[in-house]
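Presented below is the structure to which this report refers.
Each reported figure results from applying straightforward, stated rules to the coordinates on display, with no laboratory input. Everything numeric in this text was worked out from a predicted model, so none of it was measured. Using ideal geometry, Cβ is built from the backbone for each residue, glycine included, and neighbour counts are taken over all protein chains shown.
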Amino acid sequence: MSKAVSRRGFLRCVAVCAGGAPAVLARGSCPVADNASLVSGTWVLQQAGSVQELESGRARWIDTALQTPSLRGFCLRVPWKAIDGDFSLLQSGLAIARQHRVDYSLRFMAGRHTPARVFEQGCSNYRKRNPNGAMEKVPAPFLPDGTPNEIFEQEYEELVAQLARWCREQDVHLLHLAWYGQDWAELNYGREVRALPGYTFENWLRAHKRLVDIGLKHAGEGLAVELPFSGYGPCWEAAGALADHVIAKIGPWRPLFFCQANGWGPQGDWGAPNSETEARFDDSVWTKPICRGQQMIQPRDYDWPVVFEKLYQNQATYCEVYAPSFTLARRARLAEEVRKFAEHCRKSTPLP
């Protein structure tokens, strides 16, 4: 960890915990409420499945993106199987963030990115064709009799515990988690899952509530966890129920946990196929007293003032923009919106 980054984190804690008065604060001594100020702003997002792929992305986009003033940090999205038993990919991403003097966060993906060894233990699954045409196993959220997929959940909790420890050791303040998923980390309520033996909506929902509980177990002072509430299938009802579950567990507006809308773009926040579905998501989640983040739907060029306005409307604490977007035609306008959002966060950390 660089001294510059460590001191920046220290000063943020002083400002929040002691009103700016000089005081020595031990690691993790900031109140949970400060989690929001530690993650607010704009993050550059990049996916990589290996150190080599990360370095390729660095040469093409990442270094250019991270030179943008007023950024909060760099978020690296990885397949679970790419970090299974070896965090060198995460460490490489951290080194890039430290070199650019920005914060760092990480997300893993389960679904078809789950390590083979988990399925070899007997993890209940189904098969799905990947973008290259090959069939891959995807963990099922329940067994054929509807009971929990204990093998997956035990392995998932072990990974989350390891990642949470690593984050605290490295002064990383935001840990993005995955659902059972399929192609991504988002909710998967697609037809494949609904056709499985043992499926009922309640069995599916209980399985996802258990993943929320695992995440909350490892959140605390200086470390917030996040799960995306957008996804595949008609899942606005589930998103609302999961928001209610989080609030029942930790209370309203507590930045131990952030729900994230991963479909942020010109058409809305959720990546829904039409405005009616977007509105159902809005009513199911944005009306609830829960902390929010947003992720761009694609690494494209946009009318950046228009899409950033959604952050203010939704009172989002942070946002994620794909690295390639910082190299496209409207990059100067994107940089200006990043600056304005950072200033907004400095004046008052955005919380609903």
- About its Cα centre, how strong a charge dipole does segment 134-209 have in debye, to the nearest 20, once Lys and Arg get +1 and Asp and Glu get -1 at the Cβ? 220
- Among rounded, prolate and oblate, which fits the chain when a ≥ b ≥ c are the square roots of the eigenvalues of its C-alpha gyration tensor, a/c under 1.5 means rounded, and a/b larger than b/c means prolate? rounded
- Give a residue-ordered list of calculated ³J(HN,Hα) values for segment 172-181 (Karplus: 6.51 cos²θ - 1.76 cosθ + 1.60, θ = phi - 60°; whole Hz; x for Gly, Pro). 9, 10, 9, 10, 8, 9, 10, 7, 4, x
- In whole Hz, with x marking every Gly and Pro, tabulate ³J(HN,Hα) for segment 136-142 from phi via Karplus 6.51 cos²θ - 1.76 cosθ + 1.60, θ = phi - 60°. 10, 7, 10, x, 8, x, 7
- Tilt, helix 304-314 to longest principal axis of the chain (alpha-carbon atoms), in degrees rounded to tens, equals 80
- Item | Filter on LYS217/LYS288; LYS81/LYS209; LYS137/LYS310; LYS310/LYS347; LYS217/LYS347 - keep pairs with C-alpha separation over 27 Å | LYS137/LYS310; LYS217/LYS347
- Task: Report, by chain and number, residues whose modeled amide H sits under 5 Å from the one on ARG77, excluding near sequence neighbours (fewer than 5 apart, same chain).
- Result: GLN46, GLN47, ALA48, ARG107
- Message: Amide H of ASP103 versus every other amide H placed in the peptide plane: which residues, excluding those fewer than 5 positions away on the same chain, fall under 5 Å?
- Response: GLY73, PHE74
- Assigning unit charges at the beta carbon (Lys, Arg +1; Asp, Glu -1) and nothing else, what dipole magnitude in debye, to the nearest 20, does the chain show about its Cα centre? 900
- Item | Fewest-first ranking of ASP244, ASP103, using other Cβ atoms within 10 Å as the exposure measure | ASP244, ASP103
- How many percent of DSSP beta bridges within segment 242-352 run antiparallel, rounded to 5? 10
- Label point at THR64 placed 7 Å out along Cα→Cβ; residues across segment 308-341 whose backbone nitrogen lies under 13 Å: 323-332
- Query: In degrees, nearest 10, range 0 to 90: what is the angle between the Cα axis of helix 201-218 and the longest Cα principal axis of the chain?
  - Reply: 40
- Message: Under a Cβ-only charge scheme (Lys and Arg +1, Asp and Glu -1), can you give me the dipole magnitude of segment 59-113 about the Cα centre, in debye to the nearest 20?
- Response: 160
- Note on the structure: To the nearest 10 degrees, the tilt of helix 331-347 (Cα long axis) against the first principal axis of the alpha carbons of the chain is 80
- Message: Nearest 500 deg cm²/dmol is fine: what mean residue ellipticity at 222 nm does the chain get from its DSSP H runs of n ≥ 4 alone, each adding -39,500 (n - 2.57), divided by its residue count?
- Response: -12000 deg cm²/dmol
- Message: Positive end of the dipole of the chain, charges at C-beta (+1 Lys, Arg; -1 Asp, Glu), about the Cα centre: which of ALA248, TYR126, TYR318 has its Cα farthest in that direction?
- Response: TYR318
- Task: Could you grab the relative contact order for segment 39-347? Cα pairs under 8 Å, six or more apart, rounded to a whole percent.
- Result: 19
- Item | DSSP bridge pairs, the chain: antiparallel proportion in percent, nearest 5 | 20
- Could you list VAL118, VAL102 in order of exposure, starting from the residue whose Cβ has the fewest other Cβ atoms within 10 Å? VAL102, VAL118
